[in-house]
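Reading through the structure tokens given below for one structure.
Computed from the coordinates by the stated procedures, all read-outs in this text should not be read as laboratory data. These numbers come from a predicted model, not from an experiment. For neighbour counting, all protein chains shown are included, and Cβ atoms are generated from backbone atoms with ideal geometry for every residue, glycine included.
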Amino acid sequence: MTVTVRVPAKVNVQLAVGAARADGFHDLANVFLAVGLYDEVTVTPADELRVTCEGPDAGQVPLDATNLAARAAIALAERYGRTPDVHLHIAKDIPVAGGMAGGSADGAGALLACDTLWGTGASRDELLDICAELGSDVPFSLVGEAALGTGRGERLTALEVGGTFHWVFAMAVRGLSTPAVFREFDRLGEGLDVPEPVASRELLDALAKGDPDALAATVSNDLQPAALSLFPELADTLAAGRAAGALATLVSGSGPTTAYLARDPASAEKIAEALRTSGTCRSVRVASGPVPGATVVDSR
């Protein structure tokens, strides 16, 4: 039997970050929107756990037990008293190390694929528990659509979205380490009073109405100053998108991918073309959301 699961990327339309906790994590108010860029994880029985990967930047993806897909297979196998003897093949299309939860998507995809292959019958809550153990963004990769993540982002509340939002994403010429960005956030905030992270009521209303102008006025990312401090050239990419007519520009998550909200598909293509010719980024993608989370697309 072979099972293939498709999993989307995400953009954070709001990322409010609290002060560092005693455990090193930060409390978040993280408004996720799943967008139509996808990885596919295919799982087949094997003599031992093995990970392979293809697609853009596949060479940057670890193929050992540190890979989130491998960790997901191991975690589910341990919970159900079996060995994780599967071949996990990842077809990458979500940017690697780009702040769009590509690794988290692979973890959620592998978890659902192994659950389907093995017939474990795990409940949605059990799968979400395992996702939360794997990483802060993994639960959202499983559920998709739109959600508010609290705690360190793993506790999800589904959000209503009243329409489709159109986005352009610009991939940077190099990566950014998420832990390094959080360390820079802490450094920049040293000695300052960091407020408790709270979701913006205006932003949630804009999502519910499907209003791109209202959303543009309310998007925010508390990690953006830290990302720009470590990678100042991102400011040029953001400026190029703004000049091309983007309603809003922001760093996606911890970066270095930058996101541009467009009014409609035609505007998105215009912004994408301007970014492609700007010389400020490596590649550009167009996508819309919300879209469903991890979904079995083949099982035979």
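Couple of notes before you dig in:
- When the Cα positions of T42, Y80, L247 are compared along the charge dipole of the chain, L247 comes out farthest toward the positive end, with charges on each C-beta of Lys, Arg, Asp and Glu.
- Relative contact order of segment 90-205: 21 percent, from C-alpha pairs under 8 Å at least 6 residues apart in sequence.
- For segment 165-289: rounded, prolate or oblate by the Cα gyration tensor [a/c cutoff 1.5]: oblate
- Of all lysines in the structure, those lying under 18 Å Cα to Cα from K92, and not within fewer than 8 positions of it along the same chain, are K10.
- Of the DSSP H helices in the chain, those whose Cα atoms cover at least 18 Å axially and whose Kyte score averages -1.0 or more: 102-118
- Protection proxy ranking of 212-219, 113-120, by the mean of other Cβ atoms within 10 Å over each peptide's residues and highest first, is 113-120, 212-219.
- The overall shape of segment 254-300 is prolate: from the C-alpha gyration tensor, with semi-axes ordered a ≥ b ≥ c, the ratio a/c is 1.5 or greater and a/b exceeds b/c.
- Reduced Cα scattering model of the chain, Debye log10 I(q)/I(0), q = 0.09, 0.13 Å⁻¹: -0.42, -0.88
- Estimated dipole of the chain in Debye, rounded to 20 [Cβ of Lys and Arg +1, of Asp and Glu -1, Cα centre]: 480 debye
- For segment 153-294, a simple Cβ point-charge model (Lys and Arg +1, Asp and Glu -1, everything else neutral) yields a dipole of about 520 debye relative to the Cα centre.
- Across segment 3-159 the C-alpha pair distances fall into 10 Å bins from zero in the proportions 12, 42, 34, 12, 0 percent.
- Taking A34, A262, A22 as the candidate residues, the one with maximal mean-square fluctuation in a Gaussian network model of the chain, Cα springs under 10 Å, is A22.
- Dipole of segment 114-189 [Lys/Arg +1, Asp/Glu -1 at C-beta], most positive-end residue of L159, G121, G189: G189
- Residue among Q60, Q224, Q14 with the largest mean-square fluctuation in a Gaussian network model of the chain, springs linking Cα atoms under 10 Å: Q60
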